[in-house]
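What follows draws every value from the coordinates through simple rules; no lab data is involved. Only a predicted model underlies this, so the values are computations on that prediction, with no experimental measurement involved. A quick note on method: Cβ atoms are made from the backbone with ideal geometry, for glycine too, and the neighbour counts reach across all protein chains shown.
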Amino acid sequence: MSSKSDQIADALIHDVLAARYRVGERLPSERDLVIRFDANRGAVREAMAKVAQLGLVDVLPGGARVRERELASLDVIGYLLRQQELPDPSLVDQILVVINNLVSVAAVQVLKNATDENISTIRGLLEPLIREDSSNDSHNAARFELMKNIMLASNNLPLQLIARTLFEQFAPNISAIGFYAVPDRARYALYARQLDIALTNRDLQAMRATFDAFTELNRETMARAFLLAERGQEAIAR
């Protein structure tokens, strides 16, 4: 069960991200929040510190004021994805574009710097995609695990830090759409086999080209998932 300070922080974060407060506008005072949430001042201050740590507000004399969203920390991604019953499809695609580009850079680093053990580990992660017999959930999880491990095996610290933060924020918060993510197993298996050969041969050009195709297929898979989810919601509404 979440603490009172977490409940207050989550409500304030939701309000800020939903644009209920404009940039530069002051959030409710401590006194108002104490009354609204039936909380003590300590819980309110802890909550405000959490909102400020995300970079969503500046705590100044006279109150906390909303900052521009682009000044927030990367940790705000998870909250953005949880704003609605289904995550925002444009935000999900933007995140995938970033992840895809990071993975492409990381793959180059892996071929240049990774040990044989690193390469062997990554090749092992391709097996569920090559087999074509895994469930949708395990297939989706295998794809994310593959991309995550390639970034972590890059020996590039900024990439590793960004990868960990992005995946921690992203993967757990798209479960609502994951049910509808039906992978094209034949195409994934083809790309997985090509990646396996490129890794084995440390073929940089083949690795880059195949990963570009692989990651674009990830975007296609997610776009189809949103279409299926929206149709499902429409059917329920009827």
How many angstrom lie between the C-alpha centres of the stretch 190-225 and the stretch 92-126?
10 Å
Per-q log10 I(q)/I(0), the stretch 76-237, q = 0.11, 0.14, 0.15, 0.19 Å⁻¹ (Debye; single scatterer per alpha-carbon; no solvent):
-0.43, -0.69, -0.79, -1.22
Under 1.5 on a/c is rounded, so check that first for the stretch 118-189, then, if it is not, pick prolate when a/b is larger than b/c and oblate when it is not; a ≥ b ≥ c are the square roots of the alpha carbon gyration tensor eigenvalues.
oblate
Report the full-extension gain for the segment ASN101 to ARG208: residue separation times 0.36 nm, less the Cα-Cα distance, to one decimal in nm.
37.5 nm
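Treating only the Cβ atoms of Lys and Arg (+1) and Asp and Glu (-1) as charged, compute the dipole magnitude of the stretch 34-112 about its Cα centre; round to the nearest 20 debye.
280 debye
Using r as the Cβ-Cβ distance of ARG36 and ASP133, and R0 as 30 Å, what FRET efficiency do you calculate, to the nearest 0.05?
The formula returns an efficiency of 0.05 here.
Cut-off is 10 Å between beta-carbons; in what order do ILE8, ILE197, ILE174 appear when sorted fewest neighbours first?
The fewest-first ordering by Cβ neighbours comes to ILE197, ILE174, ILE8.
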Quick check on the chain: helices-only [θ] at 222 nm, where DSSP H runs of length 4 and up contribute -39,500 (n - 2.57) each and the sum goes over total residues. Nearest 500, please.
-23000 deg cm²/dmol
For the charge dipole of the stretch 22-110, defined by +1 on Lys and Arg C-beta atoms and -1 on Asp and Glu C-beta atoms about the Cα centroid, which residue among VAL44, VAL92, ALA72 has the Cα displaced farthest towards the positive pole?
VAL44
With the Cα gyration tensor of the stretch 1-100 giving a ≥ b ≥ c as the square roots of its eigenvalues, does the rule (a/c under 1.5 for rounded; else a/b larger than b/c for prolate; else oblate) give rounded, prolate or oblate?
prolate
Result row for the chain, helices from DSSP H with C-alpha axial extent 15 Å or more and mean Kyte hydropathy at least -0.5, is 4-17, 41-53, 89-113, 116-131, 136-152, 157-170, 185-201, 204-237
Taking the Cα centre of the stretch 4-71 as origin, work out the dipole magnitude from +1 charges on Lys and Arg Cβ and -1 charges on Asp and Glu Cβ, in debye rounded to 20.
140 debye
For the stretch 141-238, the fraction of alpha-carbon pairs in successive 10 Å shells from zero, as %:
14, 38, 33, 12, 3, 0
Report, ordered by chain and residue number, the aspartates and glutamates lying within cross-link reach of LYS112, taken as a straight Cα distance under 14 Å and ignoring same-chain residues fewer than 8 apart.
ASP203
Grab the beta carbon distance between LEU157 and VAL59, set R0 = 35 Å, and tell me the FRET efficiency rounded to 0.05.
0.70
Candidate cut points under GluC sites (Glu not before Pro) in the stretch 10-100, DSSP loop plus at most 15 other Cβ atoms within 10 Å of their own Cβ, are GLU25, GLU68, GLU85
Neighbour-count order for LYS50, LYS112, LYS148, fewest beta carbons within 10 angstrom listed first
LYS112, LYS50, LYS148
Dipole magnitude (debye, nearest 20) for the chain, charges at Cβ of Lys, Arg, Asp, Glu:
360 debye
